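> Here it is: the structure, laid out below.
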Amino acid sequence: MLSTKQLVILGLLGCLSTLQAGVVLNVNPGKSLEEPAVKHLKVSPVNANEVPVLKELKSVQKTKSGDTLYGFVCTVGQIKTDSLGCVGSDSVAWPSEQNVELTVSCDKSNVGRIITYVEVHFVVSTQNVGCNVSAGSIGTSSIEVKVYAAGTNYLEYSSLFYIQ
């Protein structure tokens, strides 16, 4: 079995007094890049608002080492409010290609707010990507979204969770 490094980042960010975002990053070095990034992916949305939309952004960048970076945004929901409930961002670079699973989450159950919309912007050095809702849902107080990238040596992301 391949070893998995797991980085957990939990932080309080200053937009709201109770603002917190949870992030889990799984990195699997040494996996064959021919293996699918996701072996058993099943998305079972409660309604049409739950289906994640993954779009490639038109901006493509080159790094100093000559790698091409691709920008994507994964969105869930239809109502983008003016209130942010949780935010998070980070970037990581590796010397070799990795299969990466990023998990971002927001839980507002302690303040009685509901999640209405999620945006996860990310930049990677591969076009072999995906995203899904892995726990919770839009219209409830918590949600968890996973982003997958196979064969990347770079990850930069920002996650925005809108509430009402």
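The values are calculated or read from the model by the stated rules, or taken from the named source; none is laboratory data. This one's a predicted model, so the numbers in the text were calculated from it and none came from an experiment. Reconstructed Cβ throughout: ideal geometry from the backbone, glycine too, with neighbour counts over all protein chains shown.
> When the residues of the range 50-67 are filtered to those that are in contact with a Phe, Trp or Tyr (Cβ under 8 Å, 6 or more places away or on another chain) and part of a strand (DSSP E or B), which remaining residue is surrounded by the fewest Cβ atoms within 10 Å (Cβ to Cβ)?
Within the range 50-67, the subset in contact with a Phe, Trp or Tyr (Cβ under 8 Å, 6 or more places away or on another chain) is 54-57, 60, 63, 67.
Adding the requirement that they be part of a strand (DSSP E or B) leaves 54-57, 60.
Numbers: L54: 14, K55: 10, E56: 12, L57: 12, V60: 12.
Per the stated criteria, the residue is K55.
> Which one of these is under 10 Å from the mean Cα position of the chain (by Cα) and touching a residue at least 12 places away in the same chain (Cβ under 8 Å): L102, L84?
L102
> Of all strands (runs of 3 or more DSSP E) completely enclosed by the range 83-164, which ones contain at least 3 residues that are at pLDDT 95 or above, within 26 Å of T68 (Cα to Cα) and polar (S, T, N, Q)?
83-107, 142-163
> Here's something else I'd like to know. Could you please give the count of residues in the range 40-56 that are at pLDDT 85 or above, of a type outside the set (V, I, T) and more than 14 Å from K146 (Cβ to Cβ)?
2
> Anything in the range 118-128 that is over 11 Å from the mean Cα position of the chain (by Cα) and surrounded by fewer than 20 Cβ atoms within 10 Å (Cβ to Cβ)? List them, or say none.
Q127, N128
> Also: Determine whether the range 68-75 contains at least one residue that is at pLDDT 95 or above, closer than 15 Å to S158 by Cβ, buried (at least 17 other Cβ atoms within 10 Å of the Cβ) and among the hydroxyl-bearing types (S, T, Y).
Within the range 68-75, one or more residues are at pLDDT 95 or above, closer than 15 Å to S158 by Cβ, buried (at least 17 other Cβ atoms within 10 Å of the Cβ) and among the hydroxyl-bearing types (S, T, Y).
> Using beta carbons and a limit of 9 Å, which pairs, at least six apart or on different chains, have the first residue in the range 107-125 and within 10 Å of S142 (Cβ to Cβ) and in contact (Cβ under 8 Å) with a residue 24 or more places away in the chain and the second one aromatic (F, W, Y) and surrounded by 20 or more Cβ atoms within 10 Å (Cβ to Cβ)?
Listed by first residue and then by second, the contacts come to K108/F161; I115/F161; I115/Y162.
> Residues in the range 16-29: is at least one assigned to a loop (DSSP other than H, G, I, E, B), at pLDDT 50 or above and either in contact with a strand residue (DSSP E or B) (Cβ under 7 Å, 6 or more places away or on another chain) or surrounded by 10 or more Cβ atoms within 10 Å (Cβ to Cβ) (or both)?
Here is the first cut: in the range 16-29, the ones assigned to a loop (DSSP other than H, G, I, E, B) are 16-19, 29.
Next, only the ones that are at pLDDT 50 or above stay: 29.
Subset that is either in contact with a strand residue (DSSP E or B) (Cβ under 7 Å, 6 or more places away or on another chain) or surrounded by 10 or more Cβ atoms within 10 Å (Cβ to Cβ) (or both): 29.
Yes, the range 16-29 has at least one match.
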